[in-house]
Every structure is written in C-alpha cells, then in structure tokens.
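The values are calculated or read from the model by the stated rules, or taken from the named source; none is laboratory data. These numbers were taken from a predicted model, which means no experiment stands behind them. Reconstructed Cβ throughout: ideal geometry from the backbone, glycine too, with neighbour counts over all protein chains shown. Side chains included, ligands, DNA and RNA excluded: accessible areas come from the protein's heavy atoms. Shrake-Rupley method; radii C 1.70, N 1.55, O 1.52, S 1.80 Å.
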Amino acid sequence: QVQVVESGGGLVQPGGSLRLFCAASGNIFGINTARWYRQAPGEQREWVGHITSSGTMYAVSVKGRFTISRDNAKNTVYLQMNSLKPEDTAVYYCNVFFRGYDYWGQGTQVTVSS
C-alpha cells in the first residue's frame, strides 16, 4: 500500500545540475531507507547510493557529485546531482524500504548531453 514516484529528470548539459524527487505515498509514515539506482541502455542496473538511519553512502562513480537527502514531513527523498557527465545518462529509479518490503518507482530519465 505504498506508492513511489520519481520525478525531476530531463535534459541537462555536461557540468550542469539536476535534482530528482522520490515521493512516497500511501500507508507510509516517514522514510528511513531509500536507495537510488540507475540503468543505462544495454546496461545492468547500477546502485547509485542510499540513505538510512546511519547516513548516506554512494557509488564511487558519483561520490562527491551526488547527494541524497530526505524530508520526512513530505515523505520525499532527493537526489541532488551536480557536475553531471554524459555517462550519468540513465533512467534513475528510487527504491523505498519500509516495513520489510521494497517499493519501486517507475523511473525518471536523465540525459546529459550538449
């Protein structure tokens, strides 16, 4: 009974920034654990980073450029992406872990191109 919706994707030039939103709704009260993944065409799904009660962790490929945060008042998790590179182009997915189950969004497309 939890729905997850990602938004905020789009086309951005290399070096630009983009903020993705992961909004959870339904029978959920606060977001503890959320994970961001991405999948480029022809590639396997790649873990980008996550946020838990212990803090955040990131893949080496994005560390220092991406930041995950949360706003539990809005049941929303954010992925701030800075200094974007063409290799960041992918569909980005949000996974919310709540009460023993993973809830996935539909993904949002991020394209980094000049």
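Odds and ends about this structure:
- Some residue of segment 42-56 being in contact with a Cys (Cβ under 6 Å, 6 or more places away or on another chain), part of a strand (DSSP E or B) and either farther than 14 Å from Val112 by Cβ or in contact (Cβ under 8 Å) with a residue 24 or more places away in the chain (or both): no
- Leading residue by the ranking (most open to solvent (accessible area, probe 1.4 Å)) among those in segment 73-114 that are in contact with a Phe, Trp or Tyr (Cβ under 8 Å, 6 or more places away or on another chain) and farther than 23 Å from Ser25 by Cβ: Asn82
- If you check Arg70, Arg38 for being more than 10 Å from the chain's Cα centre (by Cα), surrounded by 13 or more Cβ atoms within 10 Å (Cβ to Cβ) and of a type in the set (D, E, K, R), only one passes: Arg70.
- Residues that are part of a loop (DSSP other than H, G, I, E, B), of a type outside the set (D, E, K, R), over 15 Å from Leu20 (Cα atoms) and at pLDDT 95 or above, drawn from segment 69-114: Ser113
- Search result, residues across segment 27-41 that are modelled with pLDDT of 95 or more and of a type outside the set (Ser, Thr, Tyr): Ala34, Arg35, Trp36, Arg38, Gln39, Ala40
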